[in-house]
């Protein structure tokens, strides 16, 4: 139980959404064969470096990660497998996926620039307090997109990005989790709770 000084007014929303969210594989159960194949193809191309694996294996604080996604979305097909591979590398991360149409309150809470966008990852503490969120596209993806095109366009996710582009995006997501882990690891409240 958290101290009375610490609270997140959205904690009931986070907890309920997390409880109704599912694993990566279960998220793909209702997907069309084409969408499922695209997600699995992207996952097969994700590789963590030994340094990234060592870093993730050293995580001590539990992080509940809720990912708002859509199986039809090209950005989700590329990024959600990255998140799942990173989470598999450490028992400290419990990651779950939820369809962006299944929970309107959550979808509205996670709007980006006023729009319902996916994917959005929300890192939550063991008390279901928000630690941070990131969504839509990684910085690497935005840089690449800005070099290739102008205007509003949605990556279809049909073409798997070259290995170096994927590695750059994976590195960004590893840093996202490292930042949140360090925030939780250094939290005076959690250090008292866990006597570390």
Check: Over region 41-148, what is the mean sequence separation of C-alpha contacts under 8 Å (at least six apart), divided by residue count, expressed as relative contact order in percent?
Finding: 29
Next item on the list: For helix 11-20, report the angle its Cα long axis makes with the longest principal axis of the Cα atoms of the chain; keep it between 0 and 90° and round to the nearest 10°.
Entry: 50
Next item on the list: Using only Cα atoms, tell me the angle between helix 139-148 and the longest principal axis of the chain; keep it within 0 to 90° and round to the nearest 10.
Entry: 20
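Using Cβ contacts closer than 10 Å as the measure, can you line up 38, 193, 62 from fewest to most? List each step's numbers first, then the result.
On the way: 38 24, 193 14, 62 17.
The order, fewest Cβ neighbours first, is 193, 62, 38.
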Notebook entry, point to check: Anyone know which of 107, 143, 61 comes out most mobile in the 10 Å Cα GNM of the chain?
Noted result: 143
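Sum -39500 (n - 2.57) across every DSSP H segment of at least 4 residues in the chain, then divide by the residue count to get the 222 nm mean residue ellipticity, nearest 500. Don't jump to the answer; show the numbers that get you there.
Values: 9 runs with 95 residues, N = 196.
Helix contribution divided over all residues of the chain: -14500 deg cm²/dmol.
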Check: Normalised by the number of residues in region 92-151, what is the relative contact order in percent for Cα pairs under 8 Å and 6+ residues apart?
Finding: 20
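Quick one: order 95, 9 by neighbouring beta-carbon count within 10 Å, fewest to most.
Values: 95 22, 9 8.
Lowest count first: 9, 95.
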Next item on the list: Measure nothing but the geometry: give the 0 to 90° angle between the long axis through the Cα atoms of 33-44 and the longest principal axis through the Cα atoms of the chain, rounded to 10°.
Entry: 70
Next item on the list: Note down the relative contact order for the chain as a percent, whole number, built from C-alpha pairs under 8 angstrom at least six residues apart.
Entry: 27
Notebook entry, point to check: Going by average Cβ neighbours within 10 Å, how do the peptides 45-56, 114-125, 66-77 rank, with the highest at the top?
Noted result: 66-77, 114-125, 45-56
Notebook entry, point to check: Between rounded, prolate and oblate, where does region 1-59 land on the alpha carbon gyration tensor, with a ≥ b ≥ c its root eigenvalues, rounded for a/c under 1.5, else prolate if a/b exceeds b/c?
Noted result: oblate
Next item on the list: Would you mind ranking 181, 35 by Cβ crowding within 10 Å, fewest neighbours first?
Entry: 35, 181
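Every number here is computed from the coordinates shown, using simple stated rules; none is lab data. The structure displayed is predicted, hence computed values, not measured ones. Positions of Cβ are generated from backbone atoms using ideal geometry, with glycine treated the same way; all protein chains shown enter the neighbour counts.
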